[in-house]
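The values are calculated or read from the model by the stated rules, or taken from the named source; none is laboratory data. Fair warning: this is a prediction, and the values are worked out from it, not measured in the lab. Virtual Cβ from ideal backbone geometry, glycine too; neighbours counted across all protein chains shown.
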Amino acid sequence: MVKVEQVVKTYQLGKQQVQALKGVSLEVQAAEFVAITGTSGSGKSTLLHLIGCLDLPTAGHIHILDKRTDTLSDKQQSWLRNQFLGFIFQSFNLIPVLTAFENIEYPLLLQGLSPKQRQQRVNGLLERVGLSEHSHHRPDYLSGGQRQRVAIARALVTKPKLVLADEPTANLDSKTGTEILDLMKDICLQEKTSFVFSTHDPKISHYASTIYTLKDGVLRQ
């Protein structure tokens, strides 16, 4: 499903070059639950952004659905993100003026689904993540755990094959973080959706099928 081959990512900071990733390689199979662990600044978010076509590698290649991402046009990359990928951001990235329902619905507007199709799909996910009673609440009226559940539902609403989650439990208490991991694992098993997420949560060993450690831009299993 995803193949990362000897990827290097270098940033220019003033007169210095900083190598965030140093020859990283990994593969993600269908319905796999992959965790990338490491301290802040180790390159975890950079790697997820590259897999998600939000950035391009300095060297090396990333293949998604047998397509090399650096050869795709901006339009093709946008299509890939909208049709194949789902994103869960550490800071939730919900639109503050929209309700939970509307935040989840938004990606479907880009896909052109009918109002009836959108309503059925969003309501189904709201029930799945336990937020049916909060569908008309804006993010300010939701707890951190509830906002993360909205973010998960938004990532899943397009029925992606791969979900990228950047520190999904970082801003949550221990109990809520466990509930979020339980939910993601259930979806992986039941929907056959692959998950790749970055984390420094020690509970991850109980959930992930494959665990990588990223340190100073170098990935090890």
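Cβ-Cβ distances below 6 Å connect the following pairs, each with a first residue in the range 113-129 that is among the β-branched types (Val, Ile, Thr), a second residue that is surrounded by 18 or more Cβ atoms within 10 Å (Cβ to Cβ) and at pLDDT 95 or above, and a separation of six or more residues or different chains: 122/101; 122/104; 122/105.
For the range 184-216, the set of residues classified as assigned to a helix (DSSP H, G or I), of a type in the set (Asp, Glu) and either in contact with a Cys (Cβ under 6 Å, 6 or more places away or on another chain) or surrounded by 12 or more Cβ atoms within 10 Å (Cβ to Cβ) (or both) consists of 191 only.
Residues in the range 82-101 that are in a helix (DSSP H, G or I) and either surrounded by fewer than 18 Cβ atoms within 10 Å (Cβ to Cβ) or in contact with a Pro (Cβ under 7 Å, 6 or more places away or on another chain) (or both): 82, 83, 84. The single residue among 142, 110, 85 that is in contact with a His (Cβ under 9 Å, 6 or more places away or on another chain) and either under 26 Å from residue 66 (Cα atoms) or among the hydrophobic types (A, V, I, L, M, F, W, C) (or both) turns out to be 142. Can you confirm whether the range 104-116 contains a residue that is over 19 Å from the mean Cα position of the chain (by Cα), of a type in the set (Ser, Thr, Tyr), surrounded by fewer than 18 Cβ atoms within 10 Å (Cβ to Cβ) and assigned to a loop (DSSP other than H, G, I, E, B)? Yes: the range 104-116 contains one or more residues that are over 19 Å from the mean Cα position of the chain (by Cα), of a type in the set (Ser, Thr, Tyr), surrounded by fewer than 18 Cβ atoms within 10 Å (Cβ to Cβ) and assigned to a loop (DSSP other than H, G, I, E, B). Only one of the numbered conditions (1) within 28 Å of residue 156 (Cβ to Cβ); (2) touching a Pro at 6+ places or on another chain (Cβ under 9 Å); (3) of a type in the set (A, V, I, L, M, F, W, C) is violated by residue 8, and that is (1). For beta carbons closer than 9 Å, sequence separation of 6+ or different chains, a first residue in the range 30-44 that is touching a residue at least 24 places away in the same chain (Cβ under 8 Å) and more than 16 Å from residue 220 (Cα to Cα) and a second that is charged (D, E, K, R) and surrounded by fewer than 16 Cβ atoms within 10 Å (Cβ to Cβ), the qualifying pairs are 30/192; 31/191; 31/192.
Kindly indicate whether any position in the range 180-197 is at pLDDT 90 or above, closer than 23 Å to residue 109 by Cβ and hydrophobic (A, V, I, L, M, F, W, C). Scanning the range 180-197, I find no residue that is at pLDDT 90 or above, closer than 23 Å to residue 109 by Cβ and hydrophobic (A, V, I, L, M, F, W, C), so the answer is no.
One residue alone among 169, 193 is under 15 Å from residue 85 (Cβ atoms) and under 16 Å from the mean Cα position of the chain (by Cα), and that residue is 193. One residue stands out in the range 19-78 among those that are over 16 Å from residue 7 (Cβ atoms) and β-branched (Val, Ile, Thr): the one that is modelled with the lowest pLDDT, namely 39.
Of all residues in the range 122-179, those satisfying the criterion of being under 28 Å from residue 37 (Cβ atoms), assigned to a helix (DSSP H, G or I) and hydroxyl-bearing (Ser, Thr, Tyr) are 174, 176, 178.
The condition of being crowded, with 23+ Cβ neighbours inside 10 Å and touching a strand residue (DSSP E or B) at 6+ places or on another chain (Cβ under 6 Å) holds for only one of 219, 164, 181, that being 164. When 50, 72, 65, 80 are checked against the criterion of being over 20 Å from residue 214 (Cβ atoms) and in contact with a strand residue (DSSP E or B) (Cβ under 7 Å, 6 or more places away or on another chain), 80 stands alone in meeting it.
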